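Participant: One structure, as structure tokens, below. Some questions next.
The values are calculated or read from the model by the stated rules, or taken from the named source; none is laboratory data. This one's a predicted model, so the numbers in the text were calculated from it and none came from an experiment. Cβ placement follows ideal geometry from the backbone for every residue including glycine, while neighbour counts extend to all protein chains displayed. With ligands, DNA and RNA removed, areas are computed over all heavy atoms of the protein, side chains included. Shrake-Rupley method; radii C 1.70, N 1.55, O 1.52, S 1.80 Å.
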Amino acid sequence: MDESRPTLELGPESLRRVTVPAQLPFQTTATLAPPDMMVGQDRAREAIALALDAPDGRYNLYVSGAPGTGRTDATLAQTRAVASLRHPSSDWVYVYNFDAPEEPLALELAAGRGRPFAHDVDLYVVSFRRELRRAFSSDVYDQQSAALLSEPLANRDRLLESLSADARALGFELRGTPSGYMIVPLAPAQPGAALQPLTEEAFDALPDAEKKQIQVNHDKVESAIAKALPQVRAAEDEARGLVRTLDHQVAETAGRHLSDQLTATYASFPAVVEYLIRLHADIVAHARVLIAATDAQAAQSDGPSQDGPTQGASSIDATEADGLPKDDDLRASPALRSLLRRYGVNVLVAHAEGGTAPVVVETSPTYSNLTGRIDIGIRDGLPFTDHMMLKPGAMHKAVGGFLILQAYDVLTQPRSWEAVKRMVRFERIEIENTSQPIGNNPGATIRPRPIRADVKVILVGDPHTYAELAALDPEFRQNFKVRADFDYDMPRDTASEQAYAALAGQTARSIGSPDFTNDAVALVIEEGSRWVEDQERLSTQLADVQDLCVEAGYFAKRDNDTLTRRSHVEMAIQARERMRNMEAVRLQQDILRQAVMISTQGAAVGQINGLYVREILGYEFGMPARITATVSPGLAGVVTVDREADLSGPTHTKGVLVLAGYLAGHFAEDFPLSLSASLSFEQTYHGVDGDSASSAELYALLSALADLPIKQTLAVTGSVNQRGEVQAIGGATHKIEGFFHLCQQRGLTGEQGVIIPRINARNLMLREDVVEAVRAGKFHIYGVSTIEEGIQALTGIPFGTKTSDGRYLEGTVASRVLHRLRAYSTLVQRYSFGVRNESMRG
């Protein structure tokens, strides 16, 4: 440091940590490998590894950090690396539940077996139908059927023939109809002519006695039919039972080898074997429907009509005569299509054989996107659904692996958090019907059996959302036992600087812009320190770093340059400032026009330039504010106008209260502090909070008490404690630059500058124009550790030290303050004594 500078002044080398391009191990970023997205996040990396490796289902993960830190990409990369070393656990399929059709069954198979199982079942059904057709169309079946039907059909025929003969003997003919028998009277036989039905005209022409006899005979025929019909039906029932038994035996035998083969293939899955047994039984029970192509054929498979026999042939004969369909795919009946759909297998969770554990990122975590859905169709004008209309959600796709969700999105979607919590807590996934319109037939609703959830859930969010989840759900921390915190900054070391360089190179390649030179990367690194206001740290907001590189690449391409140079990064930084600083420029113009009164020359008693940081639409900038102090004898203590106007936040109020403690501790050891002091931020109409102005307020108060003018060429920031020690504050870089730009526009005189806490020197990453002004002696930055140092820099008068008798040297700031406070105390005591005397005389 230049020895001619005051000891409090900070040299230009301490105002910005510069990265020397020559010390970077590359000339351009063309040869650099892609960056490690977890650089500087060792704590988070270790936490993620623990959560991913822990077998306990409660060790789900919450990744916490500010947006832009690369938390999602880094987590995804680490999760995929772990998943690549693991195999998925299971496949899951839904099948028809023969016992409870409204509750489709979920079957678990080994990973990679789900789709083959569905194919095997489809092939099994097709093959079974083929075997059924062969069996039922064979001569053996015809012979067996004929043998079984011969006796009951012969009995039936004898009964029908006897009944017909009795009817003819009584002058009637029996004609079969679908609803029973029709009794038809016959005309008297003519020699050599066939019997003819008696017409209505002929009947009317008969004598009454003959008519009466015909009626008597008709009643006898009806009585005979009534007696014979149960025997006929019994014969047909016997025939029907024999046919069904034969059909069952034939169907059972026809597909047994197929069933045994398929069952053996999946013998290691007991639930699957049980389902296949039920499937075989159902196919056997519906054999006739499965080989029929039309509704008529399906209906005929039930055997003789329940409505009574027809004359001359039975429904059994008709069934035998119909033959088998040639092309049932084209002429399939609704009953057949319904059966084939029943036997379908819906694969909900499927993995590639020999694949790796799934990593699913759900960007729209609605309830149905997470848990799946039940689709609704329309059949015959009514809603319907079945196991084949179940659709998987992200939870199903993540079975055996990892599910990554944005915590805020899950919280803001109705029922989504409940779905995640239920899956984590009970380790199962349930599909509910959320798509059924109001008013639909309740029969269209099904409730699928849940599947076992082997899923590790990873929530990505910020600390606020974590706190909100923990407050809303008492079990949250029990089910998400690991939290990985992504830091907002990292050490500025070789590894982190190399990461910045690699990111710059990757960005250039990804957008097709020129590679970065080492001096361009050096400025990007310096900007990363500026964002966190720390010379020893770099920002982990890698998204911001990438954006800056994109914008610098734009200017390089605009200039038709083959490389992105430092000048292009400077253009990008300046363009960013110009796009975002409109409000800051307007506020500064108000100061230049004297609409807001800020002095940058001369001196004034009880008046000082404080510094604060404003943020408008995410853009932070420093601004000066005039702080004034007035003092008088009294007992009100130190008050602030902003507090009385409800413009003061609690931290600012605390800082003001500290001032009274400082005055009492330094000056009121042998007399009571009798002071009424008023502090005000002039022309500020927004809320004031924070204690970074407390040192400036104390300087103004000491100036007013000592009646010493403060240099208006200086601005001040810093917090103070009751001992008078100046404490660190935030935003030092922005505050200095805000005052510098005002002085620069008014004209730098060489006397202007800023006083900051010395401890904040490491936080300075000032723009190069500020550093150059300091180097040229046109602007000054002072670092103080105590109020004593600061007041001397502001007034040019030493604060003073106490002598052995507890006094301060005359002429110092402290002695002048002490005299003023002692005088105030004496005045207040005299006033109080006089008031008491007047009261006593009164």
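Participant: So in region 461-506, with the set limited to residues that are assigned to a strand (DSSP E or B) and of a type outside the set (Val, Ile, Thr), which one is most open to solvent (accessible area, probe 1.4 Å)? Walk me through it before giving the result.
Facilitator: Going residue by residue through region 461-506, those that are assigned to a strand (DSSP E or B) are 461, 480, 482-485, 489-491.
After this cut, where a residue has to be of a type outside the set (Val, Ile, Thr) as well, the list is 461, 480, 483-485, 489-491.
Details: Gly461: 5, Phe480: 7, Arg483: 110, Ala484: 0, Asp485: 54, Asp489: 16, Met490: 2, Pro491: 57 Å².
For region 461-506, the residue satisfying everything is Arg483.
Participant: In the set Ile458, Ile431, Ile446, which member is surrounded by 17 or more Cβ atoms within 10 Å (Cβ to Cβ) and within 11 Å of the chain's Cα centre (by Cα)? Outline the logic, then answer.
Facilitator: Working: Ile431 fails: within 11 Å of the chain's Cα centre (by Cα); Ile446 fails: within 11 Å of the chain's Cα centre (by Cα).
Criteria check complete, one pass: Ile458.
Participant: Can you name every residue in region 100-132 that is open to solvent by 60 Å² or more (accessible area, probe 1.4 Å), of a type outside the set (A, V, I, L, M, F, W, C) and over 30 Å from Arg447 (Cβ atoms)?
Facilitator: If the condition is that a residue be open to solvent by 60 Å² or more (accessible area, probe 1.4 Å), of a type outside the set (A, V, I, L, M, F, W, C) and over 30 Å from Arg447 (Cβ atoms), then Arg130 is the only one that fits.
Participant: Within region 532-556, which residues are in contact with an Asp or Glu (Cβ under 8 Å, 6 or more places away or on another chain) and open to solvent by 40 Å² or more (accessible area, probe 1.4 Å)?
Facilitator: Arg537
Participant: Give me a count of the residues in region 615-644 that are under 30 Å from Gln744 (Cα atoms), of a type outside the set (Gly, Ala, Ser) and free of Cβ contacts under 8 Å to residues at least 40 places away in the same chain.
Facilitator: Qualifying residue count, region 615-644: 4.
Participant: Which residues, taken from region 57-88, are closer than 22 Å to Ser268 by Cα and surrounded by 19 or more Cβ atoms within 10 Å (Cβ to Cβ)?
Facilitator: Listed by number, the list holds a single entry, Pro88.
Participant: Residues Ala226, Ala209, Ala254, Ala234: which one is part of a helix (DSSP H, G or I) and open to solvent by less than 50 Å² (accessible area, probe 1.4 Å)?
Facilitator: Details: Ala226 fails: open to solvent by less than 50 Å² (accessible area, probe 1.4 Å); Ala209 fails: open to solvent by less than 50 Å² (accessible area, probe 1.4 Å); Ala234 fails: open to solvent by less than 50 Å² (accessible area, probe 1.4 Å).
Just a single option satisfies the conditions, and that option is Ala254.
Participant: Output the residue which, of all residues in region 511-526 that are open to solvent by 10 Å² or more (accessible area, probe 1.4 Å) and in a helix (DSSP H, G or I), is modelled with the lowest pLDDT.
Facilitator: Among residues in region 511-526 that are open to solvent by 10 Å² or more (accessible area, probe 1.4 Å) and in a helix (DSSP H, G or I), the one modelled with the lowest pLDDT is Ile511.
Participant: Would you call Ala761 in contact (Cβ under 8 Å) with a residue 24 or more places away in the chain and among the aliphatic types (A, V, I, L, M)? Give the steps one after another, and end with the answer.
Facilitator: Working: in contact (Cβ under 8 Å) with a residue 24 or more places away in the chain: yes; among the aliphatic types (A, V, I, L, M): yes.
So Ala761 passes the test.
Participant: While we're on this one: Can you list residue pairs whose Cβ atoms sit under 6 Å apart, with the first residue in region 527-544 being touching a residue at least 24 places away in the same chain (Cβ under 8 Å) and the second being of a type in the set (A, V, I, L, M, F, W, C) and not in a helix (DSSP H, G or I)? Count only pairs 6 or more apart in sequence or on different chains.
Facilitator: Close Cβ pairs (under 6 Å, with a partner that is of a type in the set (A, V, I, L, M, F, W, C) and not in a helix (DSSP H, G or I)) amount to Gly528/Leu538; Ser529/Leu538; Ser529/Met765; Arg530/Met765; Leu538/Met490; Thr540/Met490.
Participant: Then there is this: Among the candidates Arg45, Arg17, which residue alone is touching a residue at least 12 places away in the same chain (Cβ under 8 Å), assigned to a loop (DSSP other than H, G, I, E, B) and of a type in the set (D, E, K, R)?
Facilitator: Details: Arg45 fails: assigned to a loop (DSSP other than H, G, I, E, B).
Exactly one residue qualifies, and that residue is Arg17.
Participant: So Thr717 clears everything in (1) surrounded by fewer than 20 Cβ atoms within 10 Å (Cβ to Cβ); (2) within 23 Å of Val585 (Cα to Cα); (3) among the polar types (S, T, N, Q) except one condition, right? Which one?
Facilitator: (1)
Participant: Also, quick follow-up: Return yes or no: is Val39 over 20 Å from Val424 (Cβ atoms) and in contact with a Ser or Thr (Cβ under 8 Å, 6 or more places away or on another chain)? Steps first, please.
Facilitator: On the way: over 20 Å from Val424 (Cβ atoms): yes; in contact with a Ser or Thr (Cβ under 8 Å, 6 or more places away or on another chain): yes.
It is true that Val39 is over 20 Å from Val424 (Cβ atoms) and in contact with a Ser or Thr (Cβ under 8 Å, 6 or more places away or on another chain).
Participant: Looking at region 48-102 only, could you name the residues that are in a loop (DSSP other than H, G, I, E, B) and closer than 30 Å to Val532 by Cα? It would help to see each step written out before you state the result.
Facilitator: Residues of region 48-102 that are in a loop (DSSP other than H, G, I, E, B), as a first pass: 54-58, 60, 65-70, 84-89, 96-102.
Within region 48-102, Gly65, Ala66, Pro67, Gly68, Thr69, Gly70 meet the criteria.
Participant: On to the next question. Here is a list of conditions, (1) modelled with pLDDT of 50 or more; (2) assigned to a loop (DSSP other than H, G, I, E, B); (3) surrounded by 15 or more Cβ atoms within 10 Å (Cβ to Cβ), and Arg278 meets all of them except one; can you say which number that is?
Facilitator: (2)
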